[in-house]
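Asks: Got a structure for you, written out below as structure tokens; questions coming shortly.
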Amino acid sequence: MAAAATAYALVLVADSVATFALAWAVTGVFRALDSGPLEAWFVDAEHARGAAHEVPSGLARAGSVISAGIATGSLATAALLSVAPWSTSVTLAVPFGVAIVVVLVQGAAAAWLMDPAPPRGASTGAVWAEALRGGVATVARPGLRGLAVAMTIVAVGVVALETFMPVRLAELSGDRAQAAAQMGVVAAAAWGFASVGSAVVSRILRRRRPRGVAVALVAIEGVGLLAMSLATGPALLVAGFWLGYLVHTGFGSTYNSLVHERVDDAHRGTALSITSMAFLGSASAAGVLLGVLAEHTSSSTSLLVGAGAMAVAGATIAAATRR
């Protein structure tokens, strides 16, 4: 939380490209540190009370809450920007100031509500390096290697979904200003659908194993990307986008459940962080490559590549979790 608050504060005072770059670098640090520990704590707590079978549905319920929070935050940010009576520069800073307050409250809530972890040794550079090596070794095991590869492939589809939706909407609308206004509402609704989808996935996971559910969800997201690629008007484009988001968060929770089944308590948080690192690294490269592809062909082609990536990811997950 301290890294997140620092990143938002840097954005507030940024007056150059270098400072903005530093702010986003610190944001990356926050995202990396935040990717595993809280979820690992939850899974460990469920195992400790003998409720390991409830982990998949619990993670999906958490995903539903997170998606609903993002949808609410999107609408609240839009409201702040529309009613703020200050100058443009100050108005744009208001959401970041609110975000700092929110993450500080979040940190205090976590410290109050979470049971403290057993004390460990000092976190030296050598300890961090050993944790990284151990995490990579854990993910390289046969049970997890295929899942990590699948996540790097999923990243290509996710980048296509998030990056080319506004581009394609502007192309099909013919009015960039109107498309920009519509995109805010479309995105907020998408996260609302993600919340509903995760709630449904949570109920499904009470009766079904995560393996088949994960494969089905990533396939559905691929169908959404395919619809976006083939769309000749805004209606089908938005429908495909919403279909992708309907299963987006639910897939993430289901995928993490597959990881949790294959690691012990000592490596749970590290395994999640390493798979997150693989996802983000792949997403960074995919963003550049898909952008180049779209420039030389079309945004529709990049979306089609994203759909294909989801199909390959589904097959990879099925193969990696056969046993």
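The values are calculated or read from the model by the stated rules, or taken from the named source; none is laboratory data. Note that the structure is predicted; figures quoted are calculated from it, not measured. Counting neighbours? That spans all protein chains shown, and the Cβs are built from the backbone with ideal geometry, glycine included. Areas reflect the complete protein model, heavy atoms only, side chains present, ligands, DNA and RNA absent. Shrake-Rupley method; radii C 1.70, N 1.55, O 1.52, S 1.80 Å.
Each row is one residue, and each column tells you yes or no for (1) at pLDDT 95 or above; (2) among the hydrophobic types (A, V, I, L, M, F, W, C); (3) open to solvent by less than 40 Å² (accessible area, probe 1.4 Å); (4) under 30 Å from residue 268 (Cα atoms).
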residue: 140; (1), (2), (3), (4): no, yes, no, yes
residue: 157; (1), (2), (3), (4): yes, no, yes, yes
residue: 164; (1), (2), (3), (4): no, yes, yes, no
residue: 169; (1), (2), (3), (4): no, yes, yes, no
residue: 172; (1), (2), (3), (4): no, yes, no, no
residue: 209; (1), (2), (3), (4): no, no, no, yes
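Asks: Being in contact with a helix residue (DSSP H, G or I) (Cβ under 8 Å, 6 or more places away or on another chain), surrounded by 18 or more Cβ atoms within 10 Å (Cβ to Cβ) and modelled with pLDDT of 90 or more is the requirement here; does residue 200 meet it?
Replies: No.
Asks: Another question, if that's okay. Can you pull out the residues in region 13-23 that are surrounded by 14 or more Cβ atoms within 10 Å (Cβ to Cβ), part of a helix (DSSP H, G or I) and either modelled with pLDDT under 85 or small (Gly, Ala, Ser) (or both)?
Replies: Across region 13-23, the qualifying residue is only 23.
Asks: Could I ask something else about it? Given the conditions (1) more than 19 Å from residue 111 (Cα to Cα); (2) at pLDDT 75 or above; (3) open to solvent by less than 30 Å² (accessible area, probe 1.4 Å), report the number of the one that residue 4 does not fulfil.
Replies: Failing condition for residue 4: (1).
Asks: Turning to a different aspect of this structure: Considering only region 261-275, state which residues are open to solvent by less than 30 Å² (accessible area, probe 1.4 Å) and assigned to a helix (DSSP H, G or I).
Replies: 268, 269, 271, 272, 274, 275
Asks: Looking at (1) open to solvent by less than 40 Å² (accessible area, probe 1.4 Å); (2) outside any helix (DSSP H, G or I); (3) closer than 24 Å to residue 165 by Cα, which is the only condition residue 225 fails?
Replies: (2)
Asks: I would also like to ask the following. Kindly check whether there is at least one residue in region 29-47 that is at pLDDT 75 or above, open to solvent by less than 40 Å² (accessible area, probe 1.4 Å) and polar (S, T, N, Q).
Replies: No.
Asks: Still on this model: Hey, does region 245-260 have a residue that's on the phi < 0 side of the Ramachandran plot, out of contact with any helix residue (DSSP H, G or I) (no Cβ under 8 Å at 6 or more places or on another chain) and surrounded by fewer than 24 Cβ atoms within 10 Å (Cβ to Cβ)?
Replies: No, region 245-260 contains no residue that is on the phi < 0 side of the Ramachandran plot, out of contact with any helix residue (DSSP H, G or I) (no Cβ under 8 Å at 6 or more places or on another chain) and surrounded by fewer than 24 Cβ atoms within 10 Å (Cβ to Cβ).
Asks: Only one residue in 259, 215, 263 is at pLDDT below 90, under 18 Å from the mean Cα position of the chain (by Cα) and farther than 15 Å from residue 303 by Cβ, so which one is that?
Replies: 259
Asks: Tell me which residues, restricted to region 73-111, are within 30 Å of residue 203 (Cβ to Cβ) and at pLDDT 80 or above.
Replies: 102, 106, 109
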